[in-house]
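What follows is one structure encoded as structure tokens, with my remarks underneath.
Taken together, the values in this text are just the output of simple stated rules run on the coordinates, not laboratory data. Bear in mind the structure is a predicted one, so any value in this text is a computation, not a measurement. No Cβ is skipped: glycine too gets one built from the backbone with ideal geometry, and neighbour counts run over all protein chains shown.
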Amino acid sequence: MPDSGYDRHITIFSPEGRLHQIEYCISAVKNAGLTSVALRGSTCCVVVTQKKVPDKLIDPSSMSHVFKISNTIGCVMTGQLADSKSAVERMRHEASDFKFKYGYECPVHALAQRMADLAQIHTQHAGWRALCCVTILVSVDDEKGPQVFKIDPAGHFLGYKATAAGAKEQEATNYLEKQYKKDTAMDDDTTIQTAITCLQSILSADFRATEIEIGIVAGKGRFTTLSEEDIEKHLLAISERD
């Protein structure tokens, strides 16, 4: 292999200009076996992800990849759960610190920029390692409206109309591109059901309410997670529509 030895440290570039350990990190996110989807509606943002409990003895309520960061910001984490929780704790600290300093809720674009900067710093120190997770942040901004941002382990971040992360990221992206050509002004229920339908389509599965997690920012900009009863209603609406 011509690149042999260039993955020993996170700060060493290969002759092609690649950081192999970052690429391994991104591959590990995809190999974690979960797929997450985030969509921006006309007045809301929605995140949907699979919920897999690896052991029957684990309490399902203790496992989640959807997190509340502040009153107005939520996220879905895709990748290693331990790294995800570390990133969530840091985001909560940064959002709280911003509010303490400036007296108002941290805008989602400022939090995304900050977390991307921190992720990029992790590629500059040989004694550190990148966190093996992809973050998708959602919020309804007072000035900019619904916002979706994705941050990868390399510190790269962008805003999206719709995005996906995880094992079936490319298939989900292709589905969402076709969907957004048809319908760009979706109400809250349509946005949720489109996200669920996207996951069902790319995974070729009909979900039960216990097999997915849904978070939404709507109305007054508060982030909430849907209960199993609410998820069941949306699944029923999708099956009746089909």
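Quick look at the values:
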quantity	calculated
Low-density loop positions, trypsin sites (Lys or Arg not before Pro), the range 86-144 - DSSP coil, at most 14 other Cβ in 10 Å	LYS144
Student exercise, the chain dipole from Lys, Arg, Asp, Glu Cβ charges, in Debye to nearest 20	420
Candidate lysines for bridging to LYS56, where Cα separation is under 28 Å - those fewer than 8 sequence places away on the same chain excluded	LYS30, LYS68, LYS85, LYS168, LYS233
SER61-GLN80 pseudo-label distance in nm [points 7 Å out on the Cα-to-Cβ vector]	2.9
Alpha-carbon radius of gyration plus Dmax, which is the widest Cα pair, for the range 56-136 in Å	13.9, 46
Base-10 log of normalised Debye intensity for the range 161-242 (one unit scatterer per alpha-carbon) at q = 0.11, 0.16, 0.22, 0.25 Å⁻¹	-0.29, -0.64, -1.23, -1.47
Between the range 80-113 and the range 134-150, the Cα center-to-center distance that results, in Å	13
Built amide H within the under 5 Å cut-off of VAL148, gap 5+	TYR160
At most 12 other Cβ within 10 Å, DSSP loop - chymotrypsin sites (Phe, Trp or Tyr not before Pro), the range 13-68	PHE13
Cleavage-rule hits, GluC sites (Glu not before Pro), the range 120-225, DSSP coil, Cβ neighbours within 10 Å at most 12	GLU143
Under Karplus coefficients 6.51, -1.76 and 1.60, residue-wise ³J(HN,Hα) of the range 41-46 in Hz, glycine/proline x	x, 6, 10, 8, 10, 10
Extreme residue, positive dipole direction of the chain, given options SER227, ALA130, LEU203 (C-beta unit charges)	ALA130
Computed label-point distance, nm, for sites ALA237 and PHE13 using a 7 Å Cα→Cβ extension	5.0
Diffusion coefficient, µm² s⁻¹, Stokes-Einstein with Kirkwood Rh over alpha-carbon pairs of the range 1-126 at 4 °C and 1.567 mPa s	76
Cα principal axis extents for the chain, largest first, Å	56, 46, 43
Positive-pole candidate from ASN71, VAL108, VAL217, dipole of the chain, charges at beta carbon	VAL108
